[in-house]
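The values are calculated or read from the model by the stated rules, or taken from the named source; none is laboratory data. Quick caveat, the model's predicted, so the values are computed rather than measured. With ideal geometry, Cβ positions are generated from the backbone for all residues, glycine too; neighbour counts draw on all protein chains shown.
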Amino acid sequence: MTATVPPYAGAGNLIYRAAHVPRFRRAEGSYLYAADGRRYLDAEAANGTVAWGYDKRILQDALAYCEDMPALPSFCESDLRLEVLQRLERLFGEANDTPGRVELDLGGAQGMETALRIAFSAVGPGTVVVFEGAFHGRSGVTSMLSSSPRYRELLAAWGLEVVRLPSPDCGRCPHSAARTPGCTSGCVAAATRWGSELSGVGGTGFNRKVSAFIFESVQNVGGMAEPDHVLLRAAVDHARRNGAVIIADEIFTGMHRTGPRWGFQRAGVTPDVVVASKALTNGAAALSAVWAREPLADPTTYRPGSHSSTYIGIPHALGVVRAVLDRWDGWADPAADMDGLADRMSARLRKLQAAHPDLVSDCRAFGGTARLVLTGDHAPALRQLCLTADSDAGLIVASTGMAPDVINIHPPLVINDPDLDVMTEVLDQALNALRETVEARP
Ligand SMILES: Cc1ncc(COP(=O)(O)O)c(C=O)c1O
């Protein structure tokens with residue numbers, strides 16, 4: 001494989017691992033169009049951001065909301081910002097059945113740092129508990145939370161103590177008895193033993209406390225792994241009993257990506273702080289929203305100006321959120337429609353599993369998200385074969401370093417059946433090509 005990083009391009013931003021890196025010119029619906037004329041079905045949706053597919057009317061509507069608006073410093077306010085905050089608060093508060101406050105940030109990692117600031121301002125700084133396989137960003141602080149040590153190699157907040165509960169992915173959890181889905185009492189015990197004299201981790205009764213428990217309702221970079229609901233509920237209850245603030249990272253799972261509006265609703269848990277991002281802007285602006293139930297972010301304790309930055313709430317980002325929220329308001333029953341999408345994806349992926357039992361060991365769909373589990377660490381190769389498949393269209397799917405045996409699928413939530421058929425056809429072809437390369441290996 002030849003890396004083809006242009007000599008003027010910094011290598012840090014993009015992942016050039018293969019000779020074939022398509023260059024895109026435009027997009028429409030669920031398709032991206034490359035400079036060489038080839039089209040690609042997007043079953044990755046810019047890391048789950050482009051929930052509504054590629055629709056330039058979103059930007060046009062956003063422009064109408066913001067074109068006369070000035071950028072403002074952090075001591076000035078606008079009606080547009082207040083409207084967006086109020087509408088966002090409703091989305092979080094309704095689901096948690098309690099009022100809260102929303103503030104904005106620039107992207108996922110920064111939103112997670114703000115969530116930690118709010119938690120620490122409420123209960124004091126302390127240990128943070130996460131699951132193995134977690135991914136919460138690559139900033140200095142969030143790289144401490146994310147599982148891969150690779151993210152911490154160049155910059156990390158080493159002073160932050162982070163404790164990892166066993167992976168919620170049954171295939172990777174050492175406490176899972178038969179490596180079959182579903183948690184045993186051993187798994188639950190492993191996730192709820194901190195805070196005791198023996199665990200090495202503080203909690204109620206210790207000066208050294210755990211200040212936050214952070215979870216993804218379906219791990220994205222961890223390979224689309226959903227914590228068993230009983231396990232997650234037990235972990236949340238245990239954390240709450242030990243005085244930790246419960247933070248839901250809904251950056252990927254939020255806004256129906258996994259079915260309900262928020263992924264935590266799948267397991268029936270109620271977090272104290274929620275961070276959302278991707279589906280609020282459909283990929284058209286960098287923005288995250290951090291909700292904290294009252295009184296966690298009350299201005300008397302979490303003081304005005306505790307967190308800000310020049311570009312938080314620039315007019316075009318607010319205009320984009322408003323345009324995207326208008327669309328969400330107009331979708332009658334997205335949760336039910338996402339259950340339907342999960343069924344339609346499952347049916348197709350099960351067929352692929354049946355046709356390729358030597359290469360596919362499992363599949364599962366949650367709303368507009370699915371995982372195809374392979375029998376070996378073939379996901380990077382299969383992802384590449386999907387791009388170059390000898391078919392009418394290429395296919396964009398994701399794979400990650402943390403779960404090299406899993407193909408992550410998260411298309412625009414508005415994807416239709418003919419496009420799902422194209423996805424299945426290309427995956428089928430790519431699996432056949434993968435078999436040839438696997439068999440050819442010495
Ligand atoms: C669950 C989750 N948390 C945090 C992040 C980090 O977001 P950002 O890349 O906007 O910093 C991501 C990004 O993929 C994510 O999926």
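Based on this model, can you work out whether PRO149 counts as surrounded by fewer than 19 Cβ atoms within 10 Å (Cβ to Cβ), more than 13 Å from the ligand (Cβ to nearest atom) and either of a type in the set (D, E, K, R) or modelled with pLDDT under 95 (or both)?
Yes.
Take the residues in segment 120-146 that are touching a strand residue (DSSP E or B) at 6+ places or on another chain (Cβ under 6 Å) and within 10 Å of the ligand (Cβ to nearest atom), then tell me which one is nearest to GLY107 (Cα to Cα).
HIS136
Take the residues in segment 270-300 that are away from the ligand (no atom under 16 Å from the Cβ) and of a type in the set (Ser, Thr, Tyr), then tell me which one is surrounded by the fewest Cβ atoms within 10 Å (Cβ to Cβ).
THR300
Give the number of residues within segment 234-287 that are assigned to a helix (DSSP H, G or I) and either farther than 21 Å from THR127 by Cβ or in contact with an Asp or Glu (Cβ under 6 Å, 6 or more places away or on another chain) (or both).
Quick first cut of segment 234-287, residues assigned to a helix (DSSP H, G or I) only: 234-241, 264-267, 278-281.
Filter again for either farther than 21 Å from THR127 by Cβ or in contact with an Asp or Glu (Cβ under 6 Å, 6 or more places away or on another chain) (or both), leaving 264-267, 278-281.
Qualifying residue count, segment 234-287: 8.
If you go through segment 301-317 one residue at a time, do you hit one that is part of a helix (DSSP H, G or I) and within 16 Å of the ligand (Cβ to nearest atom)?
Checked against the condition, which is being part of a helix (DSSP H, G or I) and within 16 Å of the ligand (Cβ to nearest atom), segment 301-317 yields at least one hit.
Quick check: is even one residue across segment 57-66 in contact with a Leu (Cβ under 7 Å, 6 or more places away or on another chain) and under 17 Å from GLY394 (Cα atoms)?
Taking every residue of segment 57-66 in turn, none turns out to be in contact with a Leu (Cβ under 7 Å, 6 or more places away or on another chain) and under 17 Å from GLY394 (Cα atoms).
What are the residue pairs meeting all of these: first residue in segment 151-176, first residue in contact (Cβ under 8 Å) with a residue 12 or more places away in the chain and more than 12 Å from ARG138 (Cβ to Cβ), second residue small (Gly, Ala, Ser) and not in a loop (DSSP other than H, G, I, E, B), Cβ atoms under 6 Å, and 6 or more apart or on different chains?
Once the first residue is in contact (Cβ under 8 Å) with a residue 12 or more places away in the chain and more than 12 Å from ARG138 (Cβ to Cβ) and sits in segment 151-176, its partners that are small (Gly, Ala, Ser) and not in a loop (DSSP other than H, G, I, E, B) give LEU165/ALA191; PRO166/ALA190; PRO168/ALA225; ASP169/ALA225; HIS175/GLY186; HIS175/ALA190.
I need the full set of residues from segment 242-255 which are touching a residue at least 40 places away in the same chain (Cβ under 8 Å) and more than 15 Å from the ligand (Cβ to nearest atom), in order please.
Result: ASN242, GLY243, ALA244, VAL245.
Please enumerate the residues belonging to segment 51-61 that are among the aromatic types (Phe, Trp, Tyr) and in a loop (DSSP other than H, G, I, E, B).
TRP52
If we scan segment 310-318, do we find a residue that is without any contact (Cβ under 8 Å) to a residue 60 or more places away in the chain and surrounded by fewer than 19 Cβ atoms within 10 Å (Cβ to Cβ)?
Checking segment 310-318: at least one residue is without any contact (Cβ under 8 Å) to a residue 60 or more places away in the chain and surrounded by fewer than 19 Cβ atoms within 10 Å (Cβ to Cβ).
What are the residue pairs meeting all of these: first residue in segment 45-70, first residue under 30 Å from THR400 (Cα atoms), second residue within 16 Å of the ligand (Cβ to nearest atom) and in a helix (DSSP H, G or I), Cβ atoms under 6 Å, and 6 or more apart or on different chains?
GLY48/LYS278; THR49/LYS278; ALA51/ALA279
Counting just the residues of segment 77-87 that are crowded, with 17+ Cβ neighbours inside 10 Å and either hydrophobic (A, V, I, L, M, F, W, C) or within 13 Å of the ligand (Cβ to nearest atom) (or both), which one comes out farthest from LYS209 (Cα to Cα)?
So the residue we want is LEU80.
Here's the yes/no breakdown for (1) in the same structural domain as MET112 (by TED's automatic domain parsing); (2) within 19 Å of PRO168 (Cβ to Cβ); (3) in contact with a His (Cβ under 8 Å, 6 or more places away or on another chain); (4) modelled with pLDDT of 95 or more:
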site	(1), (2), (3), (4)
TRP262	yes, yes, no, yes
THR300	yes, no, no, no
GLY305	yes, no, no, no
THR310	yes, no, no, no
LEU325	yes, no, no, yes
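Anything in segment 93-118 that is within 16 Å of the ligand (Cβ to nearest atom) and small (Gly, Ala, Ser)? List them, or say none.
GLY107, GLY108, ALA109, GLY111, ALA115
Identify, from the list ALA64, ALA19, ALA95, ALA71, the residue that is surrounded by fewer than 16 Cβ atoms within 10 Å (Cβ to Cβ), touching a Phe, Trp or Tyr at 6+ places or on another chain (Cβ under 9 Å) and not in a strand (DSSP E or B).
Within the list ALA64, ALA19, ALA95, ALA71, the selection yields ALA71.
Residues ARG101, ARG90: which one is assigned to a helix (DSSP H, G or I) and surrounded by fewer than 21 Cβ atoms within 10 Å (Cβ to Cβ)?
Within the list ARG101, ARG90, the selection yields ARG90.
Looking only at segment 213-233, which residues are of a type in the set (A, V, I, L, M, F, W, C) and part of a helix (DSSP H, G or I)?
VAL230, LEU231, LEU232
Can you tell me which residues in segment 329-356 are surrounded by 18 or more Cβ atoms within 10 Å (Cβ to Cβ) and either within 30 Å of LEU104 (Cα to Cα) or in the same structural domain as VAL102 (by TED's automatic domain parsing) (or both)?
Of everything in segment 329-356, those that are surrounded by 18 or more Cβ atoms within 10 Å (Cβ to Cβ) and either within 30 Å of LEU104 (Cα to Cα) or in the same structural domain as VAL102 (by TED's automatic domain parsing) (or both) turn out to be PRO334, MET338.
Take the residues in segment 22-47 that are out of contact with any strand residue (DSSP E or B) (no Cβ under 7 Å at 6 or more places or on another chain) and outside any helix (DSSP H, G or I), then tell me which one is modelled with the lowest pLDDT.
Taking the candidates together, the pick is ASP36.
For the subset of segment 191-232 comprising residues that are touching a Leu at 6+ places or on another chain (Cβ under 7 Å) and either small (Gly, Ala, Ser) or more than 16 Å from the ligand (Cβ to nearest atom) (or both), which member is modelled with the highest pLDDT?
If we filter segment 191-232 for residues that are touching a Leu at 6+ places or on another chain (Cβ under 7 Å), which is where we start, we get 191, 212, 214-215.
So of that shortlist, the ones also either small (Gly, Ala, Ser) or more than 16 Å from the ligand (Cβ to nearest atom) (or both) come out as 191, 212.
Numbers: ALA191: 91, ALA212: 98.
The residue in question is ALA212.
Working only within segment 86-101, note down all residues that are among the acidic types (Asp, Glu) and closer than 18 Å to ALA267 by Cα.
GLU94, ASP97, listed by residue number.
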